[in-house]
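A.B. asks: My questions will all concern the structure given below.
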Amino acid sequence: MKTPKFCFVIHPLSLEDVARYEPGAAGKGEPIIRKILEWMPSYAAVHVTGVRTPDGRETEGWFVAAPLLPEQMMDLPREEVYKRIVRAIEIGAELGANVAGLGAFTGVVGDGGVTIAERSPIPVTTGNSLTIAAGIQSLFRGASEMEVDPASSTAVVVGATGSIGSACVKLIAPRVKHVILVARNNTRLAKFHEQVRDELQCESSFTTDIPDAVRRSQLILTATSSTQDIIEPEDLQTGAVVCELSLPHDVSRRVALERPDVLVTEGGNMRVPGEPRFERVREPGTDFDLNLPPRTALACMSETMVLALERRLESYTLGRGIDLHKVIDIETMATRCGFTLADMRAFDAAITPEKIAATREAAAMRRLAV
Ligand SMILES: NC(=O)c1ccc[n+]([C@@H]2O[C@H](COP(=O)([O-])OP(=O)(O)OC[C@H]3O[C@@H](n4cnc5c(N)ncnc54)[C@H](OP(=O)(O)O)[C@@H]3O)[C@@H](O)[C@H]2O)c1
């Protein structure tokens, strides 16, 4: 039997992304672009081929665009947005996909994929389980590179009541001294903290004050649905490590310019096995720019590919209460299929060993100067 195929729903995260998806949009005014997107139907944007495991299993799939910006996903009538996303999955299924993944805000809007899965012709996953696994690996890889000892550190999870953040709180806690839970809604935060505090194997607290929590932390993981920057350079401790899972990003670009002593990494990127090719459907022969290095995909895309490769045609990850066993299982499946954590990267650039050494050095100098 042939290996199942996948589709993955994508959407632009910014106006720059719109130009990347649709080169014809470059130079058009923002209000016009927003209006066009409101009316633009879902369409097959990318044909993915060459995803091949070390033992020779191969899959192909499609990225189907539901072309709305993050704010539009949140602000337009919910039913309108669901319709656009379900139509994208139907297009994928018509092309031959057997399992669908939800990218960025398509997995955030509403109830985190539950309603979309009910209306979809094929199983659906948000991809959040593998994103969590990759994020945790990435945070502690950053700590090791920056010589931060987790066991004596405070970590903050920004977006702690979310699908990704709530699982990250539980997985980070056994490895740190104190974990701070951050979100905007204090009632939900207090309730979640009450539910988990006894099972967390470290000290814990919660707050809605992001700058205060960040100022107290050496390790920071972001997984919010914010559409604005929320991590600013003036709040970060010397030598802090920031693992950014949010799409669009939460960390201000000013951090790259003003804080050479801080290590920021995009935590949800994975290297895809085989010779993956991301080809534009409308311009065959032309590669689609994912704004990632070659052979690299987001962890949520990777989860969808892994489910196809492993013939796990089920709605694997949905909603906000994620089963930690599933996180461990998808990590094992991904490893078996040859997916690995991608090299470190942030602010559209690779983080080379030289850059890490320079970051450590800048942190040491800054500590001496205090
Ligand atoms: N890198 C990847 O491969 C990958 C894969 C999947 C998803 N993602 C991204 O991960 C992020 C989280 O996804 P999710 O499914 O976990 O979302 P979610 O379940 O909706 O959770 C979002 C969390 O963020 C909090 N939040 C929202 N706005 C905030 C703000 N301005 N300040 C502080 N906290 C805020 C929410 O609580 P309050 O509303 O109370 O603030 C909630 O705790 C999204 O950006 C998504 O696009 C990345």
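Conditions tested, residue by residue: (1) more than 29 Å from residue 250 (Cα to Cα); (2) buried (at least 18 other Cβ atoms within 10 Å of the Cβ); (3) basic (Lys, Arg).
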position: 34; (1), (2), (3): no, no, yes
position: 41; (1), (2), (3): no, no, no
position: 50; (1), (2), (3): yes, no, no
position: 66; (1), (2), (3): no, yes, no
position: 73; (1), (2), (3): no, yes, no
position: 79; (1), (2), (3): no, no, no
position: 83; (1), (2), (3): no, no, yes
position: 89; (1), (2), (3): no, yes, no
position: 94; (1), (2), (3): yes, no, no
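A.B. asks: Which of the residues belonging to the stretch 197-234 are within 12 Å of the ligand (Cβ to nearest atom), farther than 15 Å from residue 154 by Cβ and open to solvent by less than 50 Å² (accessible area, probe 1.4 Å)?
C.D. replies: Once the filter is applied, which keeps residues that are within 12 Å of the ligand (Cβ to nearest atom), farther than 15 Å from residue 154 by Cβ and open to solvent by less than 50 Å² (accessible area, probe 1.4 Å), the stretch 197-234 yields 222, 223, 224, 225, 226, 230, 231.
A.B. asks: Follow-up. What pairs come up if the first residue lies in the stretch 156-169 and is assigned by TED's automatic domain parsing to the domain that holds residue 200 and more than 6 Å from the ligand (Cβ to nearest atom), the second is modelled with pLDDT of 95 or more and among the basic types (Lys, Arg), and their beta carbons are under 9 Å apart, counting only those six or more places apart or on different chains?
C.D. replies: Note: pairs meeting the criteria are 156/216.
A.B. asks: Tell me which residues, restricted to the stretch 111-130, are near the ligand (Cβ under 9 Å from one of its atoms) and open to solvent by 10 Å² or more (accessible area, probe 1.4 Å). Give the steps one after another, and end with the answer.
C.D. replies: Narrowing the stretch 111-130 to residues near the ligand (Cβ under 9 Å from one of its atoms): 112-113, 126-128, 130.
Residue satisfying the conditions is 128 alone.
A.B. asks: What tally of residues in the stretch 102-124 results from selecting those that are closer than 18 Å to residue 65 by Cβ and of a type in the set (Ser, Thr, Tyr)?
C.D. replies: 2
A.B. asks: Across the stretch 245-282, what is the number of residues that are hydroxyl-bearing (Ser, Thr, Tyr) and surrounded by 23 or more Cβ atoms within 10 Å (Cβ to Cβ)?
C.D. replies: Filtering the stretch 245-282 down to residues hydroxyl-bearing (Ser, Thr, Tyr) leaves 246, 252, 265.
Okay, now just the ones that are also surrounded by 23 or more Cβ atoms within 10 Å (Cβ to Cβ), so 246, 265.
Residues in the stretch 245-282 being hydroxyl-bearing (Ser, Thr, Tyr) and surrounded by 23 or more Cβ atoms within 10 Å (Cβ to Cβ): 2 in total.
A.B. asks: Now for a different question. Please specify each residue of the stretch 134-155 satisfying the condition of being within 16 Å of the ligand (Cβ to nearest atom) and not polar (S, T, N, Q). So that I can check it myself, show each step before the final result.
C.D. replies: Taking the stretch 134-155 first, the residues within 16 Å of the ligand (Cβ to nearest atom) are 134-139, 141-142, 155.
Across the stretch 134-155, the qualifying residues are 134, 135, 136, 139, 141, 142, 155.
A.B. asks: Applying the selection to the stretch 179-201, what residues are part of a loop (DSSP other than H, G, I, E, B) and charged (D, E, K, R)? Step through it out loud before you land on a result.
C.D. replies: First pass over the stretch 179-201, keeping only residues part of a loop (DSSP other than H, G, I, E, B): 183-185, 197-201.
Once the filter is applied, which keeps residues that are part of a loop (DSSP other than H, G, I, E, B) and charged (D, E, K, R), the stretch 179-201 yields 184, 197, 198, 199.
A.B. asks: Same structure again: Select from the stretch 1-26 the residues that are surrounded by fewer than 21 Cβ atoms within 10 Å (Cβ to Cβ), of a type in the set (A, V, I, L, M, F, W, C) and within 16 Å of the ligand (Cβ to nearest atom) and list them in ascending order.
C.D. replies: 13
A.B. asks: Then there is this: Determine whether residue 335 is of a type in the set (S, T, N, Q), part of a helix (DSSP H, G or I) and under 22 Å from residue 244 (Cβ atoms). Can you show your working first?
C.D. replies: Details: of a type in the set (S, T, N, Q): yes; part of a helix (DSSP H, G or I): yes; under 22 Å from residue 244 (Cβ atoms): no.
It is false that residue 335 is of a type in the set (S, T, N, Q), part of a helix (DSSP H, G or I) and under 22 Å from residue 244 (Cβ atoms).
A.B. asks: Also: Residue check: is residue 237 more than 16 Å from the ligand (Cβ to nearest atom), assigned by TED's automatic domain parsing to the domain that holds residue 353 and open to solvent by less than 70 Å² (accessible area, probe 1.4 Å)? Spell out the reasoning first.
C.D. replies: On the way: more than 16 Å from the ligand (Cβ to nearest atom): yes; assigned by TED's automatic domain parsing to the domain that holds residue 353: yes; open to solvent by less than 70 Å² (accessible area, probe 1.4 Å): yes.
For residue 237, the condition - more than 16 Å from the ligand (Cβ to nearest atom), assigned by TED's automatic domain parsing to the domain that holds residue 353 and open to solvent by less than 70 Å² (accessible area, probe 1.4 Å) - is met.
A.B. asks: Those residues that are over 23 Å from residue 256 (Cα atoms) and in contact (Cβ under 8 Å) with a residue 60 or more places away in the chain, I need them from the stretch 285-304; list them, please.
C.D. replies: Within the stretch 285-304, 288, 299, 300, 301, 302, 303, 304 meet the criteria.
A.B. asks: Does the stretch 283-318 hold any residues that are open to solvent by 30 Å² or more (accessible area, probe 1.4 Å) and either near the ligand (Cβ under 10 Å from one of its atoms) or not in a loop (DSSP other than H, G, I, E, B) (or both), and which are they? So that I can check it myself, show each step before the final result.
C.D. replies: The first filter runs over the stretch 283-318 and keeps only residues open to solvent by 30 Å² or more (accessible area, probe 1.4 Å), leaving 283-287, 289-295, 298, 310-315, 318.
Answer for the stretch 283-318, where residues must be open to solvent by 30 Å² or more (accessible area, probe 1.4 Å) and either near the ligand (Cβ under 10 Å from one of its atoms) or not in a loop (DSSP other than H, G, I, E, B) (or both): 287, 298.
A.B. asks: It is to be established whether one or more residues within the stretch 336-348 are under 17 Å from residue 7 (Cβ atoms), touching a residue at least 12 places away in the same chain (Cβ under 8 Å) and among the hydroxyl-bearing types (Ser, Thr, Tyr). Spell out how you get there, then give the answer.
C.D. replies: Restricting attention to the stretch 336-348, the residues satisfying the condition of being under 17 Å from residue 7 (Cβ atoms) are none.
Within the stretch 336-348, none of the residues are under 17 Å from residue 7 (Cβ atoms), touching a residue at least 12 places away in the same chain (Cβ under 8 Å) and among the hydroxyl-bearing types (Ser, Thr, Tyr).
The values are calculated or read from the model by the stated rules, or taken from the named source; none is laboratory data. Keep in mind that this is a model prediction, so the values were computed, not measured. Virtual Cβ from ideal backbone geometry, glycine too; neighbours counted across all protein chains shown. Heads up: the accessible areas ignore ligands, DNA and RNA and are worked out on the full protein's heavy atoms, side chains in. Shrake-Rupley method; radii C 1.70, N 1.55, O 1.52, S 1.80 Å.
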